[in-house]
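Right, one structure below, let's go through it.
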Amino acid sequence: MIADGLYYTKEHEWIKVAGTVGTVGITDHAQELLGEVTFVELPPVGKQVRQGDMISAVESSKAASDVYAPLAGTLSAVNDTLEASPELINDSCYEEGWIVKIELTDPAGVSTLMDAKHYETFLSEQEQ
Amino acid sequence: MHAMQKKAFGFESPPETVQDTVLIHAHSRRVKSSRLAPFAGYRMPLWFSSIRAEHEAVRQAAGLFDCTHMGLLAIQGAQAEDFLNAVTTNNVSRLEAGQAQYSYLLDAAGMVLDDIIVYCRRHYDYLLVVNAANAAKVKAWLNGLLNHQWIIDEKQPDRGIGFSPKIQDLGELHGHQTLVDIAIQGPLAGRVIQSVTGFDPDTLKSFRFCEVEANEIPCLIARTGYTGAKMGFEFFVPRDQAEDLWEQLLAQGEEHGLVPCGLGARDSLRIEAGLPLYGHELAGPCGLTPYEAGYAWAIKLDKPFFIGKAAMERRAQNRTEEVVRLGLPGGRGIRPIRPQDAVLSAAGHCVGTILSSATVGDRQIALACVERTQATEGNPVGIYYLARNDSQVQQGRKREVGRNDTLPADIQGSLLARFARF
């Protein structure tokens with residue numbers, strides 16, 4: 001399942017931009033590959049990140065997945081609920097399973113990412 | 001007498017190509033290809049519904065496992081029994097027709113080449129089931145023994161094995177001769193077997209097997225398995241009928257709660273039971289033998305000779321490490337333990353290494369190699385997670401630790417009984 005209105009990276013992160021703030025999480029494809037998520041490593045609020053910097057690690061009993069910043073900026077919020085309820089990433093990866101919010105240096109940078117249609121094509125190429 | 005110089009056994013794995021198992025079509029009907037992962041050269045499903053649900057199903061009802069990637073070798077002829085006694089650690093002469101035993105193949109230095117099950121069909125006709133990951137290596141080893149290629153006795157490098165049975169890879173034959181393995185495990189497995197074969201599985205004792213017809217498909221059925229379930233069976237069925245049997249078992253087993261299970265549940269079940277996996281609790285980074293792993297009984301030192309015997313005699317006297325089973329907190333908010341994480345004593349000294357781990361219910365169960373003095377059931381232990389990424393390293397977490405290092409425990413638990421009973 002791919003949500004519209006979001007932008008996507010090749011590392012299976014999504015970002016939703018509202019004004020100068022981008023909300024980031026991992027896609028349905030990524031959470032499916034992980035299986036049951038039991039642990040999420042959250043970064044400190046205020047951390048400055050460049051595009052591609054690691055911002056989180058999501059772990060299941062079988063795998064660990066590093067999460068990278070789709071765009072550069074400063075971390076303005078982290079989803080603390082994931083500490084007690086990491087399964088939100090499986091159950092609601094585009095909504096309640098959001099991981100961080102970034103105060104973006106350049107919100108227009110989304111144009112360098114994939115939109116829903118391109119991500120879908122990207123995924124089907126990976127299947128082969 | 002061969003003039004060829006004998007060598008110590010060495011085996012280079014060829015570059016891994018990934019094949020489909022004979023059940024790929026059945027799997028593709030149930031899961032997307034992204035759910036299939038390469039394992040021992042085969043594309044295998046990690047899970048069908050979830051690891052947790054499949055694990056539960058095997059403990060409460062029954063689970064069906066695609067074991068068709070396992071290696072199956074036929075060892076036949078008048079010298080088969082003597083050959084097997086020379087190349088395996090257990091005593092093959094104790095097997096009656098229709099009986100199987102757990103055993104090991106060692107090299108001359110006592111390194112474990114594989115853990116196997118030997119099935120005695122007749123005293124001149126044996127079946128060896130070997131790990132898929134070791135099948136090519138085991139074939140090279142056994143065939144090389146017949147060709148006098150390998151040193152088998154470090155004290156007598158020219159010693160030959162002296163026996164030459166016929167060895168066939170059942171995966172390379174065609175038609176009805178070729179057998180593949182499908183396993184069904186769990187308390188209700190017997191009911192599924194009864195509905196599919198009309199055969200009462202309670203008449204089959206542990207490690208016994210016989211020939212039956214499953215919905216008119218001829219097969220061997222053995223009371224063996226790798227989940228620790230008391231009730232568990234393996235079907236050895238002709239390759240070209242495996243998919244039919246798989247689908248029939250699932251269809252008829254549904255009312256008993258039978259579900260297909262992937263590699264994830266296979267691993268969490270065997271870890272919960274305390275069963276070893278080659279490359280982790282045997283051989284592997286800690287170079288473990290059956291003595292450390294808890295299987296001294298499968299090493300019959302009273303046999304006059306077997307390859308690796310001298311090394312096992314020494315190890316039996318000089319053991320310093322032991323495989324233990326640990327119970328630790330798990331579930332939400334607790335970082336999963338991984339192989340190589342450090343095991344700490346109550347005082348915070350590193351006394352061992354995690355070999356395998358799994359989430360089972362709201363706990364984590366792990367198998368670890370620890371100093372023998374620490375291996376008492378009930379002993380409290382701590383776990384120190386090694387750094388898994390650069391940001392953890394920057395926060396001061398170590399990527400490597402050594403024995404006796406003093407470290408803070410991230411989580412705490414204790415030693416369980418070595419094996420679980422279900």
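The values are calculated or read from the model by the stated rules, or taken from the named source; none is laboratory data. These numbers come from a predicted model, not from an experiment. As a convention, Cβ positions derive from the backbone with ideal geometry for all residues, glycine included, and neighbour counts pool all protein chains shown.
Listing for the model above:
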quantity	calculated
Residue tally, condition away from chain A (no Cβ under 14 Å) and assigned to a strand (DSSP E or B), over the range B:348-386	15
Lone qualifier among B:Arg397, B:Arg335 - being touching a residue at least 60 places away in the same chain (Cβ under 8 Å) and among the basic types (Lys, Arg)	B:Arg335
Residue that is nearest to B:Arg270 (Cα to Cα), among those in the range B:40-76 that are aromatic (Phe, Trp, Tyr) and either more than 14 Å from chain A (Cβ to nearest Cβ) or assigned to a strand (DSSP E or B) (or both)	B:Phe65
Helices (runs of 4 or more DSSP H) fully within the range B:250-347 counting 3 or more residues that are within 16 Å of the chain's Cα centre (by Cα)	B:263-273, B:290-293
Subset of the range A:87-107 (residues that are more than 14 Å from the chain's Cα centre (by Cα) and over 16 Å from A:Thr9 (Cβ atoms))	A:Glu87, A:Asp91, A:Glu103, A:Thr105
Out of B:Gly352, B:Gly287, B:Gly333, B:Gly308, sole residue that is surrounded by fewer than 18 Cβ atoms within 10 Å (Cβ to Cβ), touching an Asp or Glu at 6+ places or on another chain (Cβ under 7 Å) and either over 15 Å from B:Thr373 (Cα atoms) or not charged (D, E, K, R) (or both)	B:Gly333
Single unsatisfied condition, B:Leu84 versus (1) farther than 19 Å from B:Gly308 by Cα; (2) touching a helix residue (DSSP H, G or I) at 6+ places or on another chain (Cβ under 6 Å); (3) not basic (Lys, Arg)	(1)
Criterion (free of Cβ contacts under 8 Å to residues at least 60 places away in the same chain and of a type in the set (Phe, Trp, Tyr)) met by exactly one of B:Phe207, B:Phe235	B:Phe235
Selection status of A:Ala30, small (Gly, Ala, Ser) and outside any strand (DSSP E or B)	yes
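So that you can scan it fast, the table gives a plain yes or no per residue for (1) under 25 Å from B:Ser93 (Cβ atoms); (2) modelled with pLDDT under 95:
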| residue | (1), (2) |
| --- | --- |
| B:Asn147 | no, yes |
| B:Ile152 | yes, no |
| B:Asp158 | no, yes |
| B:Ala183 | no, no |
| B:Val196 | no, yes |
| B:Pro201 | no, yes |
| B:Ile217 | no, yes |
